[in-house]
2 protein chains.
Amino acid sequence: MFPKATIARFPMYFRVLTEYNHQNIALVSSEEMAQKLGITSSQIRKDLSYFGSLGIRGAGYDVAYLLAKIKEVLGMDKSRRLAIIGAGKLGLALAGYSGLKQHGLEVAALFDTDDAKWGTNNGPLPVFPLTELASQKEKLGMEIAVLTVPASAAQPVANLAVKAGFKALWNFAPVRLVVPKDVIVQYEDLVVGILTLSHHLARKFG
Amino acid sequence: MFPKATIARFPMYFRVLTEYNHQNIALVSSEEMAQKLGITSSQIRKDLSYFGSLGIRGAGYDVAYLLAKIKEVLGMDKSRRLAIIGAGKLGLALAGYSGLKQHGLEVAALFDTDDAKWGTNNGPLPVFPLTELASQKEKLGMEIAVLTVPASAAQPVANLAVKAGFKALWNFAPVRLVVPKDVIVQYEDLVVGILTLSHHLARKFG
DNA sequence: GTGAGATTGTGAAAATAATCACAAGGGGAA
DNA sequence: TTCCCCTTGTGATTATTTTCACAATCTCAC
């Protein structure tokens with residue numbers, strides 16, 4: 001339905017529209033958004049045109065309406081609960097990251113194999129033994145498993161998550177996971193960004 | 001010189017080649033890498049062809065040689081030092097992230113405005129007052145500023161970093177920064193990944 | 001040295017994405 | 001209402017990226 005490149009930009013639109021909404025701005029033009037986002041206005045109009053005709057010629061886009069549409073397509077019209085597997089530094093940082101909650105993504109629990117981490121010592125969220133993944137998934141209604149474990153543990157942990165019934169994995173380990181094809185994996189690799197930066201730096205200044 | 005889409009894949013190649021190198025694998029075919037990375041072999045060959053002809057027909061690619069080439073183009077042939085600005089959870093998680101050091105990226109110091117965080121209490125790395133950014137940059141030879149501050153602080157902090165002489169910023173705040181055009185900014189937005197995942201989840205299961 | 005088998009490197013074709021340019025409306029003032 | 005200004009929506013064009021298909025050529029076994 002939507003081109004891939006367009007889908008990749010929806011989160012960006014979501015973010016900026018949420019901001020306008022907070023500021024009680026009712027109408028916004030493609031040109032305004034474009035400046036804020038550093039892309040072209042025609043690209044924005046083209047992207048939004050896949051929804052059909054939802055702007056107002058001569059005026060712009062209704063922020064609340066457009067936001068609702070984008071929320072819908074991003075599946076943010078209902079909130080989703082996450083399980084973070086791996087209560088290391090990254091896992092805890094994500095658990096405490098306010099940006100998630102702001103977007104309707106609620107971390108419900110963490111899991112770890114290390115018994116020293118179990119309990120509620122590490123902050124407001126409970127850390128459960130990894131063996132409880134399946135039972136807590138049911139109890140807490142979690143849909144997305146976040147993998148913040150070492151690379152070597154990623155595949156076995158993914159297997160557990162799949163067995164527990166998770167259909168969506170957000171994987172921070174730099175490993176390609178083998179999963180059944182009805183399971184969606186989103187890869188996140190922090191090193192990619194900085195290596196890209198390093199490339200541009202080297203190219204420009206040596 | 002290299003197409004953008006190709007550059008975006010270099011970090012991935014870098015990663016997998018490093019792994020082969022560790023395993024003392026001397027030769028690798030495009031097909032092997034393709035399977036590991038989940039892309040097509042012809043795409044790999046096309047990407048690598050921009051270097052000129054560096055494979056061995058009938059055999060594959062020399063891992064060490066190819067890795068050296070990719071390191072060079074990624075600017076990883078020398079190590080680079082980072083300054084993390086914002087010693088919150090994310091900043092500390094990044095500071096302790098071993099993946100950076102493994103790729104020749106060394107966090108030299110953290111900076112924060114909060115005097116409660118100053119010193120060396122938070123781990124092996126010192127946290128300096130933000131006012132010392134410029135002087136420590138010189139002393140420690142840092143090139144890349146990592147912005148792990150709240151969105152509202154990102155622009156002023158970026159201004160400080162630019163004034164201190166940083167030419168490369170790795171920005172985790174969901175804000176487009178205004179900087180002189182000889183300064184490179186790499187944006188990192190953790191929410192994009194999970195929103196994309198949420199989109200696919202909604203599309204598939206509702 | 002020779003032949004069989006493997007894998008690269010690369011033009012050409014196809015697919016995807018971005019940009020352009022402007023007609024089609026809508027808003028608002030008088 | 002009418003006119004002018006503004007911004008959308010979109011075909012057409014251009015640019016970029018991916019895939020295809022196979023000749024070129026290297027390795028290895030004997």
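Evaluate the relative contact order of segment B:126-206 (contact order divided by residue number), counting alpha-carbon pairs under 8 angstrom at least 6 apart; express in whole percent.
It comes to 25 percent, rounded to a whole number.
Using a label point 7 angstrom from Cα along Cα-to-C-beta, what distances in nm, from shortest up, separate A:GLU138 from the other copies?
6.6
Can you list the distances in nanometres, one decimal and ascending, from the B:TYR65 label point to the identical position in each other copy, with the point 7 Å along Cα to Cβ?
Result, one decimal in nm: 6.2.
What average count of beta carbons from other chains do you get within 10 Å of the Cβ of residues in A:2-12?
Average neighbour count from other chains, rounded to a whole number: 3.
Out of all Cα-Cα pairs in the protein assembly as shown, roughly what percent, to the nearest whole number, are more than 29 Å apart?
Counting pairs separated by more than 29 Å, the tail of P(r) holds 51 percent.
Which value results for Rg/Rh of segment A:80-192 when Rg is the Cα radius of gyration and Rh the Kirkwood radius based on the inverse mean 1/r?
Here Rg/Rh amounts to 0.92.
By how many degrees, between 0 and 90 and to the nearest 10, does the Cα long axis of helix A:151-164 differ from the longest principal axis of chain A?
90 degrees
In whole Å and largest first, what semi-axes does the C-alpha gyration tensor of chain A yield when each eigenvalue is scaled by 5 and square-rooted?
Square roots of five times the eigenvalues give 35, 21, 17 Å.
Please list log₁₀ I(q)/I(0) at q = 0.21 Å⁻¹ for segment B:1-122, using the Debye equation with identical point scatterers on the alpha-carbon positions.
-1.14
Partner chain Cβ atoms within 10 Å, averaged over the residues of A:92-99 - can you pull that number for me?
5
For A:THR131, project a label point 7 Å along Cα to C-beta. Then give me every residue of segment A:62-100 with its amide nitrogen under 19 Å of that point.
A:85-87, by backbone N distance to the label point.
Please state the charge dipole magnitude for the protein assembly as shown, taken about the Cα centre, from unit charges on C-beta atoms (+1 on K and R, -1 on D and E), reported in debye and rounded to the nearest 20.
With only Lys, Arg, Asp and Glu charged at Cβ, the dipole is about 920 debye.
Taking the alpha-carbon centroid of each part, what is the distance from segment B:132-171 to segment A:116-164 in angstrom?
36 Å
Between B:ASN159 and A:LYS101, how high is the FRET efficiency from 1/(1 + (r/R0)^6) when r is the Cβ-Cβ distance and R₀ = 25 Å? Nearest 0.05.
Calculated value: 0.30.
Taking the dipole about the Cα centre of chain A, with the C-beta of Lys and Arg at +1 and of Asp and Glu at -1, give me whichever of A:PRO150, A:PRO11, A:GLN102 is farthest to the positive side.
A:PRO11
Can you list, shortest first and in nm, the gaps between the label point of A:GLY52 and those of its counterparts in the other copies, using a point 7 Å from Cα in the C-beta direction?
Reported distances to equivalent positions: 5.8 nm.
Can you give the Kirkwood hydrodynamic radius for segment A:115-179, in Å, rounded to one decimal and based on Cα pairs?
12.5 Å
Between helix A:63-73 and chain A, what is the angle of the helix's C-alpha long axis to the longest principal axis, kept within 0 to 90° and rounded to the nearest 10?
So the inclination is approximately 40 degrees.
Once R0 is set to 41 Å, what does the formula 1/(1 + (r/R0)^6) return for the Cβ-Cβ distance between B:TYR65 and A:GLN23, expressed as a FRET efficiency to the nearest 0.05?
0.15
Placing +1 at every Lys and Arg Cβ and -1 at every Asp and Glu Cβ, with all other atoms neutral, what dipole size does segment B:4-73 have around its Cα centre, in debye to the nearest 20?
For this selection, approximately 220 debye.
Taking the rotation axis that maps chain B onto chain A, which residue of B brings its Cβ closest to that axis, and at what distance in whole Å?
Spelled out as residue then distance in Å, it is B:ALA93, 2.
Over chain B, what is the percentage of antiparallel beta bridges among all DSSP beta bridges, to the nearest 5?
So the antiparallel bridges amount to about 15 percent of the total.
Using the structure shown, list the pairs from A:LYS69/B:LYS89; A:LYS101/B:LYS36; A:LYS78/B:LYS4; A:LYS117/A:LYS139; A:LYS46/B:LYS36 with a Cα-Cα distance above 30 Å, or answer none.
Long pairs (Cα-Cα over 30 Å): A:LYS69/B:LYS89; A:LYS101/B:LYS36; A:LYS78/B:LYS4; A:LYS46/B:LYS36.
What do you get for Rg/Rh over segment B:1-52 if you use C-alpha atoms and the Kirkwood form of Rh?
0.95
Farthest toward the dipole's positive end in segment A:112-206, which of A:LEU160, A:PHE205, A:GLY193, given Cβ charges of +1 (Lys, Arg) and -1 (Asp, Glu) about the Cα centre?
The Cα lying farthest towards the positive end belongs to A:PHE205.
For chain A, what's the relative contact order in percent, using C-alpha pairs closer than 8 Å and at least 6 residues apart?
RCO, chain A: 13 percent.
Report, ordered by chain and residue number, the lysines lying within cross-link reach of B:LYS167, taken as a straight Cα distance under 16 Å and ignoring same-chain residues fewer than 8 apart.
Counting by Cα, and skipping residues close in sequence, B:LYS167 has these lysines nearby: A:LYS204, B:LYS137, B:LYS181.
FYI, it's all coordinate maths here, none of it is from the lab. Note that the coordinates shown come from a computational prediction; the quantities given were computed from them, not determined experimentally. A quick note on method: Cβ atoms are made from the backbone with ideal geometry, for glycine too, and the neighbour counts reach across all protein chains shown.
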